[in-house]
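The values are calculated or read from the model by the stated rules, or taken from the named source; none is laboratory data. Keep in mind the model is a prediction, meaning the values are calculated, not measured. Cβ placement follows ideal geometry from the backbone for every residue including glycine, while neighbour counts extend to all protein chains displayed. SASA here: full protein model, heavy atoms, side chains in, ligands and nucleic acids out. Shrake-Rupley method; radii C 1.70, N 1.55, O 1.52, S 1.80 Å.
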Amino acid sequence: ELKVAQKEIEKKAQDLEMASRYKSEFLANMSHELRTPLNSILVLSQILSNNKSGNLNDKQIQSAKTIHSSGSSLLSLINEILDLSKIESGKLELNEERIAIADFLREIDDIFKPLAVEKGLDLNINVSQAAPLFIHTDSLRLQQILRNLLSNAIKFTHDGSVSLNIETPSSIDENIEKAGLTKGQTIMFEVYDTGIGISDQQQKVIFEAFTQADGTTSRKYGGTGLGLTISRNLAHILGGEITLESKQGKGTTFRLYLPVKTRQKIQQLTSKPEMAEVAAPKPVPQKNETKAFPVKMSTGNGGRNTSDNAVLENVKDDRKIINKGDKFILIIEDDPNFSQILYDLAHERGFKCLIAPNGETGLHYADYYKPDAIILDIGLPGIDGWQVMDRLKEN
C-alpha cells in the first residue's frame with residue numbers, strides 16, 4: 001500500500017511539473033504575441049499625441065494619449081504576470097552587485113519626488129548614521145520592491161507625507177530571524193505613509209495575488225493587486241522579508257529587511273532545479289558563419305516557410321548607403337511592421353538603420369557592420385534574444 005501511495009505521489013508530482021511547464025511556456029509565448037502589437041500601439045500613439053505635423057485637434061490628441069496610457073497599463077500588467085510566473089517557476093535571474101546607498105536613494109528621490117509634489121505630499125528620505133554605506137544585492141529587484149511600496153504609499157495617501165527610512169535595526173524579531181537574518185548584518189527599508197490604512201482583516205490577505213485592500217479599491221485607485229505579491233516573493237529570493245503594520249484611516253508602514261551581503265543566499269535560490277524551464281532551441285552551427293554578406297541561413301522558425309533571403313529582399317533599410325563614420329542602429333526584429341516603425345523613428349533621430357529578421361542574421365550584422373546601438377527583440381525565430389545577447393557579450 002505504501003509503494004502504491006508513493007507511485008501515486010510521484011505521478012502527481014510529474015503532472016504538476018508538466019502543468020507548470022505548460023503554464024510557463026504559454027505565458028512566455030503569449031507575452032511575446034501581446035507585446036509585439038502593444039509596442040506598435042505605444043509607439044504610434046505617442047507619435048500621434050506629439051502632433052508634429054500639427055494636423056490633429058485637441059480631442060484627437062487626447063484620444064491618442066488615452067490609447068498610449070491604456071497600452072502602458074496593459075504592458076505593465078503583462079510584465080507583472082510574467083514576473084510572478086518567473087518567480088514561481090524558479091526562473092528569475094538575479095544579478096548581485098555592490099550598491100552605494102546614497103546613489104541608490106538619489107535615483108529613488110528623482111523618480112518619486114515629482115509624483116509626491118503633484119499630489120501635494122511631502123516625500124522624506126532619511127538615512128540613519130548607523131546604516132551601512134554599501135550593500136550587496138540585486139539593485140534592479142531592490143528598486144522594484146521599493147517602487148511598488150512607494151507607489152502604493154503615494155497612491156493611497158491623500159494628504160500628509162510619505163517617508164522612506166533606512167537604518168540598521170536595533171533588534172530582530174523571531175519571524176525575521178526565521179528568514180536567516182541576523183542583528184548587525186541586516187538593513188531595513190521602512191516605507192511609512194499617512195494614508196487610508198489597511199484593516200486587520202485585509203492585512204491577512206494583502207500579499208496574495210490580485211488582492212487589494214477591498215473590493216472597490218482597484219476600481220477607485222487602479223492597479224492589479226500583484227505588486228505586493230511580487231515584492232514579498234522578491235524579498236524572499238533576496239534573502240529577506242517584508243512586514244506590515246497598519247491601522248485603517250491612520251496610515252501604513254511596510255518594512256523590508258535584507259541582509260547586507262546576500263551572495264550565498266542568492267546562489268542557493270537560483271541554482272535550484274528549473275522544472276518549469278522552457279527549453280530554447282540550441283544554436284545550429286552555420287557552415288558559412290564567417291563569410292561576407294549576403295548569407296543564406298535556416299532560421300528554424302517553426303514552419304513559417306519564409307527564407308531569410310526572401311525576407312531580406314523585402315526589408316527596407318539603409319544597408320546600401322551606410323558609409324564609414326555614419327551613426328546607425330541595428331534592429332533585430334522579426335515583425336516587419338514594427339521594424340519599419342523603428343526604422344522611421346531612427347531616421348527621425350538622425351540615425352541610419354539596418355534590419356535583421358532573426359538572431360543569426362543579427363549576430364552576423366553586428367560583427368560585420370559594428371553598429372552604434374542594437375534594438376533586440378526577445379522572441380525571435382531560431383535562437384532567441386537572450387541567446388543573441390549572450391553571444392554578443394562573448395564577442
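Annotation: R141 fulfils all but one of (1) open to solvent by less than 60 Å² (accessible area, probe 1.4 Å); (2) assigned to a helix (DSSP H, G or I); (3) more than 18 Å from I230 (Cβ to Cβ); the unmet one is (3). In the range 386-395, the count of residues that are of a type in the set (A, V, I, L, M, F, W, C), touching a Gly at 6+ places or on another chain (Cβ under 9 Å), modelled with pLDDT under 90 and open to solvent by less than 50 Å² (accessible area, probe 1.4 Å) is zero.
Scanning the range 1-23 for residues that are modelled with pLDDT of 85 or more, within 39 Å of the chain's Cα centre (by Cα) and open to solvent by less than 100 Å² (accessible area, probe 1.4 Å) turns up E10, A13, D15. For A116, the requirement of being in a helix (DSSP H, G or I), on the phi < 0 side of the Ramachandran plot, among the small types (G, A, S) and without any contact (Cβ under 8 Å) to a residue 40 or more places away in the chain is not met.
Only residues that are at pLDDT 75 or above and either among the hydroxyl-bearing types (S, T, Y) or open to solvent by 40 Å² or more (accessible area, probe 1.4 Å) (or both) were counted in the range 86-95, giving 2. Close Cβ contacts (under 6 Å, 6 or more residues apart or on different chains) running from residues in the range 26-42 that are surrounded by 14 or more Cβ atoms within 10 Å (Cβ to Cβ) to residues that are among the aromatic types (F, W, Y) comprise N39/F338; S40/F338. Has the range 169-180 got any residue that is in contact with a Phe, Trp or Tyr (Cβ under 8 Å, 6 or more places away or on another chain), open to solvent by less than 20 Å² (accessible area, probe 1.4 Å), part of a strand (DSSP E or B) and among the β-branched types (V, I, T)? Looking through the range 169-180, none of the residues is in contact with a Phe, Trp or Tyr (Cβ under 8 Å, 6 or more places away or on another chain), open to solvent by less than 20 Å² (accessible area, probe 1.4 Å), part of a strand (DSSP E or B) and among the β-branched types (V, I, T).
Does I198 satisfy the criteria of being of a type in the set (A, V, I, L, M), in contact with a helix residue (DSSP H, G or I) (Cβ under 8 Å, 6 or more places away or on another chain) and either in a loop (DSSP other than H, G, I, E, B) or more than 20 Å from G251 (Cα to Cα) (or both)? Taking the combined requirement at face value, the residue does not satisfy it. Of all residues in the range 49-85, those satisfying the criterion of being among the hydroxyl-bearing types (S, T, Y) and either within 26 Å of the chain's Cα centre (by Cα) or under 29 Å from Y22 (Cβ atoms) (or both) are S49, T66, S69, S70, S72, S73, S76, S85.
Only one of the numbered conditions (1) within 15 Å of G240 (Cβ to Cβ); (2) more than 24 Å from the chain's Cα centre (by Cα); (3) crowded, with 21+ Cβ neighbours inside 10 Å is not met by V162, and that is (1).
Residues D317, D372: which one is touching a Lys or Arg at 6+ places or on another chain (Cβ under 6 Å) and closer than 25 Å to I47 by Cβ?
Values: D317 fails: touching a Lys or Arg at 6+ places or on another chain (Cβ under 6 Å).
Within the list D317, D372, the selection yields D372.
Of all residues in the range 56-67, those that are in a loop (DSSP other than H, G, I, E, B) have Cβ atoms under 9 Å from Cβ atoms of residues that are surrounded by 15 or more Cβ atoms within 10 Å (Cβ to Cβ) and not polar (S, T, N, Q), 6 or more apart or on another chain, in L56/L48; L56/A64.
The C-beta contact set for the range 167-184 (first residue hydroxyl-bearing (S, T, Y), second residue open to solvent by less than 90 Å² (accessible area, probe 1.4 Å), distance under 6 angstrom, 6+ apart or interchain) comprises T168/A130; T168/A131. Go through the range 222-262 and count every residue that is outside any loop (DSSP other than H, G, I, E, B) and either over 20 Å from N126 (Cα atoms) or modelled with pLDDT under 90 (or both). Qualifying residue count, the range 222-262: 14. Here K320, K324, K316 are screened, and the one residue that is in a loop (DSSP other than H, G, I, E, B), open to solvent by 60 Å² or more (accessible area, probe 1.4 Å), in contact (Cβ under 8 Å) with a residue 24 or more places away in the chain and at negative phi is K316.
State yes or no: is L48 buried (at least 17 other Cβ atoms within 10 Å of the Cβ) and part of a helix (DSSP H, G or I)?
So L48 fits the description; yes.
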